[in-house]
Amino acid sequence: MPTGDRRPGTVPPPAPNPRARSAQPDARTDPGPATRVGPPAGLQPPARSTTGRATGRAPGAPVRPQDRPAPARPGPPAGRPPAGGAPTVRDPRRRRRLARTVVVLLLVALLAWPVGLLVWANGKIQRTDALSGASGTAGTTYLLAGSDARGDGGVAEDGTTGQRTDTILVLHVPASGPTALISLPRDTYVEVPGNGPAKLNAAYAWGGAPLLVQTVEGLTGLTVDHYAEIGMGGVEQIVDAVDGVNLCYDADVNDPDSGMVWTAGCHDVDGTQALAFARMRKSDPQGDVGRALRQRQLIGAVMGKVSPGALAVRPGQQVSLVDAGTAALTTDEDASIVDLGRLALAFKAANGTDGITGTPPISSMDYRPGDIGSTVLLDPDLTPAFFADIRDGALPAGEVGGIPGS
């Protein structure tokens, strides 16, 4: 049939490929039926080879069902990466968000730990009604006392019993000028309110912390703003909690009363040795004054081991130290953990190159006024002016006081 007279419903044969003409039969000689069924709408016959090889069926032949291409499977929803496929642009963003979240959580934990530790420590501190309520003086004054229930011939000469204070330190931070740490010998001859003349540590034996505070205020003219008492029995646990300290003493010692056995020089010591170091008095040529110097050295050594930098990476040691420290520590009712932190900073400042350490002016180390035994007599002419200068920050930095003739 001529091409111009095609019947309706028939599909024109595909245009012949010139390159494959020799390999394909002419459509006009196709012996098939006159009417052919074309492919369904939307489906095209399989592509012919362009290499000149036969396609396997004649051009224009009916498309059999098995020759039809399978419908395409639906792909994943838009915006969703195929399962198991390559990561999309959003994946790095998610990883960055996760990393930021982890960092924030770590920072929160690091900030919460010291706050929680401070709150916990503040709740463990023992407190006592120690302050006198006297009118305040310029600056801030701390009274530090080391109490000891151990009997080694201390206040027994006065007929007193119970605990006593072997260490009495006045720490004053003036409004301006150097911070001062002054040791008051425990045998200092003083007027104890309501009891008359006696040794300074008798005040604690008779009236505890409140009477000791009143006695020190009468002696120095400084109002005590905060009181801190350390039980000497707790020194052992505190030193062990910081893994020992390094202490120095330039003499050989074998003191049976304190238990101190020492070879001249500097040594790393544990809690037991540190306690003996702090208690020894009778084998020291400077007696009470020498012991006060060693006790100051011990406190400074412990504070050096508990600096924030030294403890930052050792939270376990922080807990042990808080446990040992709070078990041995008693403060006035108004003192907080922040006040104790300020006390520690003031102690460091006083022991630094810009601070003042020492004793008040001493007239005699063996003053015997009557039936109270040997006492330490402060210079009655120089002592009032000395403490006035401490209050006002008028003294230059350095060592002050000391034993007469030393």
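Coordinate-derived values only; no laboratory data. Every value quoted in this text rests on a predicted model; they were computed, and no experiment measured them. Neighbour counts are summed over all protein chains in view; Cβ atoms, including those assigned to glycine, are modelled from backbone coordinates with ideal geometry.
For the stretch 125-402, what's the radius of gyration and Dmax over Cα atoms, in angstrom?
Rg, Dmax (Cα atoms, Å): 17.8, 57.
Kindly identify the stretch 326-406 as rounded, prolate or oblate by the Cα gyration tensor criterion: order the square roots of the eigenvalues as a ≥ b ≥ c, call it rounded if a/c is under 1.5, otherwise compare a/b with b/c, prolate if a/b is larger, else oblate.
Oblate.
If I stretch the segment between Leu382 and Asp354 completely, what's the gain in nm (0.36 nm per residue apart, minus their alpha carbon distance), one decimal?
7.8 nm
Between Met303 and Arg97, how many nm apart are label points set 7 Å from Cα along the C-beta direction?
In this crude label model, Met303 to Arg97 measures out at 5.1 nm.
Sorted from fewest to most neighbouring beta carbons within 10 Å, what does the list Asp257, Asp332 look like?
Least crowded to most crowded, the residues run Asp257, Asp332.
Quick check on packing: order 346-352, 391-397 by the mean number of other C-beta atoms within 10 Å, highest mean leading.
346-352, 391-397
Work out how much length Asp240 to Val338 would gain on full extension: take 0.36 nm times their residue separation and subtract the Cα-Cα distance, in nm to one decimal.
Gain in length upon complete extension: 32.9 nm.
Just to confirm my numbers, what's the Cα centroid distance between the stretch 254-290 and the stretch 226-249 in Å?
The stretch 254-290 and the stretch 226-249 have Cα centres spaced 14 Å from each other.
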